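The values are calculated or read from the model by the stated rules, or taken from the named source; none is laboratory data. Treat the numbers as computed from the prediction; the structure is a model and nothing was measured. Positions of Cβ are backbone-derived with ideal geometry, glycine not excepted, and every protein chain shown enters the neighbour counts. We work out accessible area using only protein heavy atoms, side chains counted, and drop any ligands, DNA or RNA first. Shrake-Rupley method; radii C 1.70, N 1.55, O 1.52, S 1.80 Å.
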Amino acid sequence: MSESLKERVRAKILRQRGEDGGRPLGDAEGDNPRLIDIDLDLALLEQAAEGDVVVEELAVKYWVP
């Protein structure tokens, strides 16, 4: 079975955070706007239901097929 769009978006956001040298927001210095944006998107994704339009918007933002 293939991963859901929400799972693929979560994996891409976490990979992006790692590539940017980021750690969870509580562990970071808190002054990098890009890392803050990534962590906010991750939090938004966690609150969204599968199939929610937010998941689709984040998929477009992070180029998840």
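Cβ-Cβ contacts under 6 Å between residues 6 or more apart (or on different chains), taken from a first residue in region 54-65 that is closer than 16 Å to LEU40 by Cα and in contact (Cβ under 8 Å) with a residue 40 or more places away in the chain to a second residue that is among the aliphatic types (A, V, I, L, M) and open to solvent by 20 Å² or more (accessible area, probe 1.4 Å), are listed as VAL55/LEU5; ALA59/LEU5. Restricting ASP20, ASP41 to residues that are modelled with pLDDT of 95 or more and acidic (Asp, Glu) narrows the list to ASP41. The set of residues in region 29-65 that are surrounded by 14 or more Cβ atoms within 10 Å (Cβ to Cβ), assigned to a helix (DSSP H, G or I) and aliphatic (A, V, I, L, M) comprises LEU35, ILE36, ILE38, LEU42, LEU44, LEU45, VAL54, VAL55, LEU58, ALA59.
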